[in-house]
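What follows is one structure encoded as structure tokens, with my remarks underneath.
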Amino acid sequence: MCKVIVDRYRCPEQFIRTSLTAPLSAENGYFRFGRDLLCYGRPCSVTPAKYVGEHLHDLLNEVRTDQPDVRLPFDLTQLVDNLTNERYLMNSDGTSPGSAPHPLFSKLYYSVRPFLSTSLRIQFQRIYFGSREKATFPAWPLDLTVERLLETVLLLGMKSRGIDTVPFIWFWPDGASSAAILTHDVETAEGRDFCPRLMDMDESFGFRSSFQIVPEERYPVPAAFLTEIRDRGHEINVQDLNHDGHLFRDRRQFQSRIKAINEYGRAWGAKGFRSAILYRNINWFDALEFDYDMSVPNVGHLDPQRGGCCTAFPYFIGNMLELPVTATQDYSLFHILREHRIDLWKAQAGLVMEKHGMLSYITHPDYLLDSRVQSMYRDLLAFLAERESDCKMWIALPNQVNEWWRQRSKMTLVADGKGWRIEGPGKERARLAYAKRDGDRLIYTREAFVPAASKAPQPDRYLSTLRNFLGPVLHNIASVAPGPACSPCCTAFAGRESANTSGSVHGDLG
């Protein structure tokens with residue numbers, strides 16, 4: 001079997017089996033698998049390139065599909081792990097091995113940062129990030145190498161076994177086409193005080209979000225503040241310890257702080273964690289006593305720590321689930337790119353939705369104090385509300401995604417004589433799906449979307465009062481109002497839905 005494909009699709013093991021064409025090379029490096037797929041690992045029979053810019057071997061023609069087991073010139077599980085765990089960073093630009101800024105540079109910058117004016121800090125950051133504009137890997141503005149690699153190998157495996165259809169358990173509950181989470185990182189007292197208004201904005205569209213709170217030094221964290229977040233149906237997560245940028249500076253520093261971080265998680269009932277500034281060392285994540293983490297970007301070109309996991313789906317790092325950040329942070333959008341529209345967010349959403357993945361947004365109450373930025377954020381909420389209505393996107397809290405992905409990871413498909421049935425806790429929300437081979441492309445079909453009973457609209461506290469008085473009037477207005485047009489990247493549901501996953505996905509904004 002090919003475990004990494006079985007884990008992603010939750011398909012029966014007998015449908016996809018792989019073996020190696022030859023022993024693996026002794027060294028890791030870069031090579032291609034077709035024109036557009038860049039891989040990092042230990043290929044068979046060839047010496048991989050040390051750097052992306054060198055001549056890269058294309059190993060697609062080395063695949064053998066004349067036996068039931070598709071024979072690959074690499075270990076697929078190793079390749080995916082190298083991407084999601086960012087192991088390719090060892091030599092990707094000729095430096096070795098770390099992906100974060102030099103510790104002395106980082107310490108100097110964060111020591112003087114409080115004394116820098118906002119405009120000077122932004123100018124410095126534009127210069128720093130400008131050097132990454134020509135980076136080709138991971139792809140900008142979103143890298144879907146993992147999804148494309150898995151689809152390609154699944155197609156080859158189907159060809160090898162002479163089958164046209166593979167049953168699997170659909171990615172999201174109730175047949176939702178894709179998923180999205182809204183997360184707010186609170187960095188200052190001003191941002192903390194703005195959180196109730198930010199909750200009002202989210203709730204006015206029927207959404208709930210997670211708030212990542214810094215436990216120490218940045219601002220007081222009153223119990224009443226945490227209680228309000230919980231009582232209004234939002235989620236609390238721990239954000240670093242003191243947000244000084246040094247949590248992962250060295251192992252000793254990390255170990256001295258992790259005990260307090262875990263204690264805050266237990267005291268607050270927080271299931272999730274995010275590190276400050278998305279600094280991370282995945283090799284140390286096993287010390288975090290949380291169900292899930294949200295510190296790894298899909299592509300880190302505009303983050304101080306470069307890298308990226310190259311996937312738009314949750315994945316496990318040991319026992320902890322990683323919910324990758326798949327959209328550019330608000331600060332980078334507003335101040336580094338100087339964008340005052342949400343076109344980039346929409347473009348990234350289109351790419352994620354095409355692969356039925358998960359959108360993950362980071363916005364900061366501290367940066368949403370300006371009315372113009374608030375207007376942009378409302379535009380994002382309106383866009384997501386349209387996708388929820390027309391494209392059946394699942395807008396969820398991070399912990400809801402965590403619970404679903406863990407349940408799905410334990411589900412199995414069982415042949416029952418009439419077809420296939422899903423077994424395992426949570427199966428009532430799972431949907432049977434099929435990956436169908438159509439030449440050199442995959443087409444997904446799945447059972448019809450069934451809205452979850454728990455996902456009834458949740459009006460904000462002000463709007464609910466109005467609806468008590470004007471309920472019938474509002475109902476009549478809603479019944480005749482036309483709905484927004486669905487995004488061209490999705491196909492409307494009609495009994496069973498098909499979605500074409502073929503073709504190359506490029507990182508251009510157009």
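Worth a mention:
- Each other residue within a Cβ distance under 11 Å of residue 440 adds +1 if Lys or Arg and -1 if Asp or Glu, for a net charge of +1.
- Computed from phi, the 3J(HN,Hα) profile of segment 212-220 under the Karplus parametrisation 6.51, -1.76, 1.60 (θ = phi - 60°) reads 8, 9, 7, x, 10, 6, 5, 6, x Hz, with x in place of Gly and Pro.
- Rolling a 1.4 Å probe over the protein heavy atoms gives segment 23-85 an accessible area of 48 Å² per residue.
- Electrostatic tally near residue 21: other residues with Cβ closer than 12 Å to its Cβ, Lys and Arg +1, Asp and Glu -1, net -2.
- DSSP-loop trypsin sites (Lys or Arg not before Pro) across segment 376-445, with at most 13 other Cβ within 10 angstrom: 410, 418
- Probe 1.4 Å, accessible area per residue of segment 262-336, Å²: 26 Å²
- Taking the 1.4 Å solvent-accessible surface of segment 220-289 as the whole, the part contributed by carbon and sulfur is 48%.
- Coil-residue GluC sites (Glu not before Pro) of segment 212-289, DSSP, other Cβ within 10 Å capped at 12: 217
- Calculated accessible area for segment 380-442 comes out at 45 Å² per residue, all protein chains present (probe 1.4 Å; ligands, DNA, RNA ignored).
- Share of carbon and sulfur in the accessible heavy-atom surface of segment 336-408 [1.4 Å probe, %]: 41 percent
The values are calculated or read from the model by the stated rules, or taken from the named source; none is laboratory data. Since this is a predicted model, take the numbers as computed values, not measurements. Positions of Cβ are generated from backbone atoms using ideal geometry, with glycine treated the same way; all protein chains shown enter the neighbour counts. Accessible surface is based on the protein model in full, side chains and every heavy atom, while ligands, DNA and RNA are left aside. Shrake-Rupley method; radii C 1.70, N 1.55, O 1.52, S 1.80 Å.
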